[in-house]
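Have a look at the structure below before the remarks.
The values are calculated or read from the model by the stated rules, or taken from the named source; none is laboratory data. Every value quoted in this text rests on a predicted model; they were computed, and no experiment measured them. Virtual Cβ from ideal backbone geometry, glycine too; neighbours counted across all protein chains shown. To get the accessible areas, we keep the full protein, side chains included, count just its heavy atoms, and leave off ligands, DNA and RNA. Shrake-Rupley method; radii C 1.70, N 1.55, O 1.52, S 1.80 Å.
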Amino acid sequence: MPFSENYEIEAHGEFDFEGEDYRALFEASNATVFQNPQWLALLYAHLVPSLGARPLIITVRKKETGQLCLLLPLLHTSYLGLACVEPADLGAADYNALVYDPACEEELLSDGQISKILVSLMKPCHLVLFRKMQGDSKILAHLLGRITVGDMTSSGHGMPVWAPYEDWRKEVLSSKLRSELRRKHKKLVNLGDVSLKICKEEADIKAIMKVLQDQRRERYADDLFLEESYFDFYSAVALEGKETGLSELAALYVGDDIIGIELGFIHDRCFHFILGGMQGGAYYKMSPGLQLFDYIIGHRVEQGDTRMDFTIGDEEYKASFGAKPTRLRLMARPMTLLGRLALKTYMQGGPVKDFAKRLVAMTKRK
């Protein structure tokens, strides 16, 4: 095996993501909320075992000090017999990223052995596949060596917000949308008191998550959130995340009726819309989803957030709230002839891509 003079590079089947060294690395990094210590700890503990994936967590530490300067949270997965190494995603993450200290970037890029070591730790596999990456990554390109880079069909959707919220609404939302929201809100008020409730008690969170599942069942027959493993995982994130500030579960009420629910994640003063549901029937014509977004954005601005992220998926309503699309990238390295053929098929659209799309279907349904 090639030898690095500067780093200790190891592969692990388990890792303490909530330990002090990873928390420090994450805080220093430019990684996303989907590499948050608590998120990864829960994903590897709950979702990975239930889906039969195999953890592959690669750490890079400085030999002299033991400082953790880079971590790759990965999985061994299989698509129709194709063995892959990819980020810890499983359709639950909207964005994937390396977790590294920017202060170490120049030194990492100058290490000529690190790529050979990392790639050897990923074997055996047919294909190393990083999807849903935000922008280009010099570090990842250096670590993987010979790579294929391409644009994905999906985009992320973020936008700045500011206080006072009414000023933001007037500047960003069209007069037509503001008028529509106001008119339909009056209809809701005629039916009962309209209020946004932030769920903080365990019993409330468990009950609202069940309602959210029911609301999504009516709209999405093949939603991953309907599967027990995913429901249990997101429920754990909602329950434990409210203690640390990672997650917030909100329900929009009209009287005693819950007309909209959103589970969101919070990172670096940005609220991420992750899982949403809304009541149909008589409420459908009153745009409960848009009303819910309006209430949540106003609430999060009051909490001091400066950005909103509607995450992956290209639904039209996102642009109406001022979100701008940012195309996500794919970076991959075939390891075998089968891997090269599979990547070519994936890039052109085919059974491998169709199967992978199912794993991200939930994150496109907001």
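Assorted remarks:
- The length gained on full extension between Arg327 and Ala163, counted as 0.36 nm times the residue separation minus their Cα-Cα distance, comes to 56.2 nm.
- Accessible area of Lys210 in the full protein assembly, 1.4 Å probe (Å², nearest 10): 100
- For Glu18, distant residues with modelled amide H under 5 Å away: none
- For region 201-211, Karplus couplings with θ = phi - 60° (6.51, -1.76, 1.60), whole Hz, Gly/Pro x: 8, 4, 4, 5, 4, 4, 5, 5, 5, 5, 5
- Nearest-10 value in Å² for the accessible area of Asp204, using the 1.4 Å probe: 50
- Inter-probe distance in nm under a simple model that places probes 7 Å from Cα toward Cβ, at Lys116 and Glu5: 1.4
- Shape call, region 89-149: gyration tensor on alpha carbons, a/c limit 1.5: oblate
- Three-way shape label, region 208-290, alpha-carbon gyration tensor, a/c 1.5: oblate
- Computed over protein heavy atoms with a 1.4 Å probe, the carbon and sulfur contribution to the accessible area of the chain reaches 49%.
- Debye log10 I(q)/I(0) for the chain, one point scatterer per Cα, at q = 0.08 Å⁻¹: -0.43
- Annotation: Ser155 carries an accessible surface of approximately 10 Å², with a 1.4 Å probe and no ligand, DNA or RNA atoms counted.
- Label-point gap, in nm, between Arg178 and Asp257 - each point 7 angstrom along Cα→Cβ: 2.8
- Whole-Hz Karplus values for region 127-141 come out as 8, 9, 10, 10, 10, 6, 9, 8, x, 7, 10, 4, 4, 5, 4 Hz, taken residue by residue from phi with 6.51 cos²θ - 1.76 cosθ + 1.60 and θ = phi - 60°; glycine and proline positions read x.
- Proximity of backbone amide H atoms, modeled 1.01 Å from N, is registered between Gly313 and Ser155 at under 5 Å, excluding neighbours fewer than 5 places apart on the same chain.
- The alpha carbon centroids of region 10-34 and region 109-138 are separated by 18 Å.
- With a 1.4 Å probe rolled over the protein heavy atoms of all chains, the accessible area of Glu262, Glu202 falls in the order Glu202, Glu262, largest first.
- Label-to-label distance for Arg340 and Tyr220 is 3.7 nm, based on points extended 7 Å past Cα in the beta-carbon direction.
- Amide hydrogen proximity for His126: with H placed 1.01 Å from N in the peptide plane, the residues at 5 or more positions away or on another chain lying under 5 Å are Ala83, Cys84.
- Label point at Lys170 placed 7 Å out along Cα→Cβ; residues across region 275-293 whose backbone nitrogen lies under 17 Å: none
- Cβ-Cβ FRET estimate between Asn190 and Glu20, R0 fixed at 56 Å, reported to 0.05: 0.55
- Prolate/oblate/rounded label for region 1-158 (Cα gyration tensor, a/c 1.5): rounded
- All alpha carbon pair distances within region 263-351 were sorted into 5 Å bins beginning at 0; the resulting P(r) in whole percents reads 3, 11, 16, 17, 12, 10, 9, 9, 7, 4, 1, 0.
- 3J(HN,Hα) from dihedral phi, region 318-325, Karplus parametrisation 6.51/-1.76/1.60, rounded to Hz, x for glycine, proline: 5, 5, 5, 9, x, 6, 10, x
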